[in-house]
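Novice: One structure, as structure tokens, below. Some questions next.
Just so it is clear, none of the values below were taken in a lab; they were calculated from the coordinates. Keep in mind that this is a model prediction, so the values were computed, not measured. Cβ sites come from the backbone with ideal geometry, for glycine too, and all protein chains shown count toward neighbours.
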Amino acid sequence: MWAYIVKRLLQAIPTLLMISFLIFSLLYITPGDPIDLILSTENMKITPETRAAIEHEWGLDRPFLERYFSFIFNAMRGDLGTSYQTGQDVFEEVMARMPATLKLTVVSMILALMISLPLGMLAALKHNSIWDSLATVLATVGVAMPRFWFGLMLIILFSFKLGWLPSMAYATIRDDGFFKFLRAIILPASSLALGNAATQTRMIRSSMLEVLGQDYVRYARSKGLKEKFVIWGHAFKNAMIPVITIVGGEFGGLLGGAVVTEQIFSWPGVGRLAVNSISKRDYPMIQGITLLLCTVFLMINILVDISYALIDPRIRFVSRKQ
Amino acid sequence: MSDELKNAAAEELLAEETVKDEGDIGFESLPVTSYWQDVVRMFLKNRIAVVGLVMFLVIVFMCCAAPLFTSYDPVSDIEYYNVKQPPGGAHLLGTDHIGRDVWARLLYGGRTSVLTGVLVALFAAAIGVTIGLVAGYYGGTVDALLMRFTDIMLSFPFLILAIAIMAALGSSQRNIIISLAVTSWPGFARLTRSQVLAIKNSEYIEAAKVADFSNPRILFKHVLPNCMGTIIIQLTLTIGGAILSAAGLAYLGMSPNVAKPEWGAMLNDGKPYLRTHPYLTTIPGVAISITVLAINWIGDGLRDAFDPKMRK
């Protein structure tokens, strides 16, 4: 098991290197000079000498590959540079924002599962019933709506018309208590959860239907096992295996989707920071964000694969042999 | 090539003649249908898929023939004295923040939005299918390298990459298409590769190799047509996804701030008036949702129609 985890962690390294190279080259070809942008927003003028000094300090005067490798070596020591805009340490600033984004994605994942698990199971167990139709409607309509637009609709309904929930609020459990946290996060998380709830419902339904038609389920039934045991003891676990892969893969989409959602609800997460930094050409910040987001995403994928092994003994056996 | 065609034609003639000659019971009750005829028949049997197709055709027709459905121009008809009129009256869906007709902008904007989705899907398919074909067919190091690259692309939150590309290229509708195509091809590559692996060892490919056909010829004439089903399904679903993502990018302000209408940009225009004039946000979103819903229904229908398990 540990050998497997170490192997996966090592495999993540070339991925991160390549992603950072991709982003680095993208920024390199991006038109628009970061110094000009800051000067124009601050309404300042500087002498060519000062400009040259700043360029030298930021390393903008060095050749492309040299800049890339010095970035990589610094990154390996945990130093992602300082932001052009605020002058703050990039690692610290991104990490300060990371909890907000992670909370949003995790809560929305929980919300999505809270909807999709019961609905998908009901739809499969009561095939062709009203629950089945309801699940199908959610699955088709949910993926057809833009997530951010659904969020806007939630704001119109629950904040403006009904006045039940705040449209822009941020709260933490530690400072404001659980109830306030829930009130603040429920709208953004729901808007983010919609698409995932839809795909998951569909996935759980079809996976469960497939498993229920298998021989071992028929055998368990013919043995005279109670339906409860057949479903939860035999069918459910097996039906969940493909679902976990989908759920793990969805975290990447959620991190990306959080960018727009955070923008709508003024949620102080990494996504908002990313959009701001991109428009301001804050190179170190953009590089830091993409690298750290990717790391988080790869870690989640590894966790998903491990949980896979915990659920499915066949996979565990193979990985142990390796 | 022409010989092949001739042979095929001759065989078809022969087959037809045997049917006529034999006149047996079995031949009449089993009409000969091709693979694609089967697919079309299965698709048309699926009620939801047909509804989706009709909805999509109606939307495309209304957008293409926009002048038939509105007398307003979406760009130049600006009524400064008549801004933010709610739906109803002279303006079917009201007017926007500078007094342009929302219905007209919706119709003309649909052209851009739907076309964006279709183009993104086509470009993404072109990149992804080529990579998948090459990786699956040649195998070995080529496969390992290409698939590693594909996995890396898949492991990246694609919207962030799309935004970064937009920032690099500058904001325009063309660049939205490029950035989304560049980020949506990995799905095609994965799917095509798995299809190729499944058919690469079949007898007709062996036969083509024995006949000393060139690799590109085998790939594009013999392997590709047999992956078409999977590719078409993915293509349809990508169109819907691309329309949604393009709207997201436009909402973030990544679309050029020009007068030309586009659904995502309309949502962006309505942003400041969410509280006071919610219809400016509601209407374009409904248009996007209905269009994507119709496309997804078509995709689901195609999935069932191409699945041999569903066929009798």
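Novice: From the alpha carbon gyration tensor of the protein assembly as shown, can you work out the equivalent ellipsoid semi-axes (sqrt of 5 times each eigenvalue) and give them in Å, largest to smallest?
Specialist: Calculated on Cα positions only, the semi-axes equal 42, 33, 30 Å.
Novice: D for region B:95-246, whole µm²/s, Stokes-Einstein with Kirkwood Rh over alpha-carbon pairs at 10 °C and 1.306 mPa s: what number?
Specialist: Estimated via Stokes-Einstein, D reaches 93 µm²/s.
Novice: Out of residues 5 or more away from B:Q85 or on other chains, whose amide H comes under 5 Å of its own, with H placed 1.01 Å from N in the peptide plane?
Specialist: When sequence neighbours closer than 5 places are left aside, the close amide H contacts are B:T95.
Novice: Other chains' Cβ within 10 Å of B:279-292 residues: what's the mean? Show your work: numbers first, answer last.
Specialist: Numbers: counts 1, 0, 5, 4, 0, 2, 7, 3, 0, 4, 7, 2, 1, 6.
The shielding value for this peptide is 3.
Novice: Specify the angular offset, from 0 to 90 degrees and rounded to the nearest 10, of the alpha carbon long axis of helix A:270-280 from the longest principal axis of the alpha carbons in chain A.
Specialist: So the inclination is approximately 30 degrees.
Novice: Within region A:72-112, what residues put their amide N at less than 15 Å from the label point 7 Å along the Cα-to-Cβ vector of A:I46?
Specialist: A:82-88
Novice: Moving on to the next point. Enumerate the whole-percent occupancy of each 10 Å bin, from 0 to the last occupied one, for all C-alpha pair distances of region B:62-119.
Specialist: Computed distribution, short to long bins: 26, 50, 21, 3.
Novice: So what are the ³J(HN,Hα) numbers for region A:184-201, from phi and the Karplus equation (6.51, -1.76, 1.60; θ = phi - 60°), rounded to whole Hz, Gly and Pro as x?
Specialist: 6, 8, 5, 5, x, 5, 5, 5, 6, 6, 3, x, 5, 4, 5, 5, 5, 4
Novice: Relative to the first principal axis of the alpha-carbon coordinates of chain B, what is the inclination of helix B:279-306, with its axis defined by its Cα atoms, in degrees from 0 to 90 and to the nearest 10?
Specialist: Helix B:279-306 sits roughly 10 degrees off the main axis of chain B.
Novice: With charges only on Cβ, +1 for K and R and -1 for D and E, what is the dipole size of the protein assembly as shown about its Cα centre, in debye, rounded to 20?
Specialist: Result for the protein assembly as shown is approximately 2020 debye, rounded to the nearest 20.
Novice: Additional query: Ranking A:E93, B:E262, B:E203, A:E66 by Cβ neighbours within 10 Å, fewest first, what do you get? Don't skip to the end; give the middle numbers.
Specialist: Values: A:E93 22, B:E262 27, B:E203 7, A:E66 10.
In increasing order of surrounding Cβ atoms, one gets B:E203, A:E66, A:E93, B:E262.
Novice: When Lys and Arg each count +1 and Asp and Glu each count -1, what net charge do the other residues less than 12 Å away from A:S167, Cβ to Cβ, add up to?
Specialist: Here the count lands on +3.
Novice: Measure nothing fancy, just the Cα-based angle from helix A:283-311's long axis to the longest principal axis of chain A, in degrees from 0 to 90, nearest 10.
Specialist: It is inclined by approximately 20 degrees.
Novice: Whose amide H sits under 5 Å from the amide H of A:T82, counting only residues 5 or more places off or on another chain, with H placed in the peptide plane?
Specialist: A:V90
Novice: If each DSSP helix of 4+ residues adds -39,500 (n - 2.57) and the sum is divided by the residues in chain A, what number results at 222 nm, nearest 500 deg cm²/dmol?
Specialist: That comes out to -26000 deg cm²/dmol.
Novice: Would region B:29-184 count as rounded, prolate or oblate if I go by the C-alpha gyration tensor, calling it rounded below 1.5 in a/c and otherwise prolate when a/b exceeds b/c, oblate otherwise? Can you show the working numbers first?
Specialist: On the way: a/c = 3.69, a/b = 1.42, b/c = 2.60.
Note, shape of region B:29-184 comes out oblate.
Novice: Within region A:7-36, what residues put their amide N at less than 19 Å from the label point 7 Å along the Cα-to-Cβ vector of A:E66?
Specialist: A:24-25, A:28-29
Novice: Taking the number of other C-beta atoms within 10 Å as the exposure measure, put A:D282, B:D212, B:D300 in order starting with the fewest.
Specialist: B:D212, B:D300, A:D282
Novice: Name the shape class, rounded, prolate or oblate, that the alpha-carbon gyration tensor gives for chain A, where a ≥ b ≥ c are the square roots of its eigenvalues, rounded holds for a/c under 1.5, and otherwise prolate holds if a/b is larger than b/c and oblate otherwise. The partial results should precede the final answer.
Specialist: Working: a/c = 2.99, a/b = 1.67, b/c = 1.79.
Oblate, because a/c is 1.5 or more while a/b does not exceed b/c.
Novice: Sort A:M114, B:M228, A:M285 by Cβ crowding within 10 Å, fewest neighbours at the top.
Specialist: On the way: A:M114 12, B:M228 16, A:M285 26.
Arranged by neighbour count, lowest to highest, A:M114, B:M228, A:M285 become A:M114, B:M228, A:M285.
Novice: Only helical DSSP H runs with n ≥ 4 go in: add -39500 (n - 2.57) per run for chain B, normalise by residue count and round the 222 nm mean residue ellipticity to 500 deg cm²/dmol.
Specialist: It lands at -23500 deg cm²/dmol.
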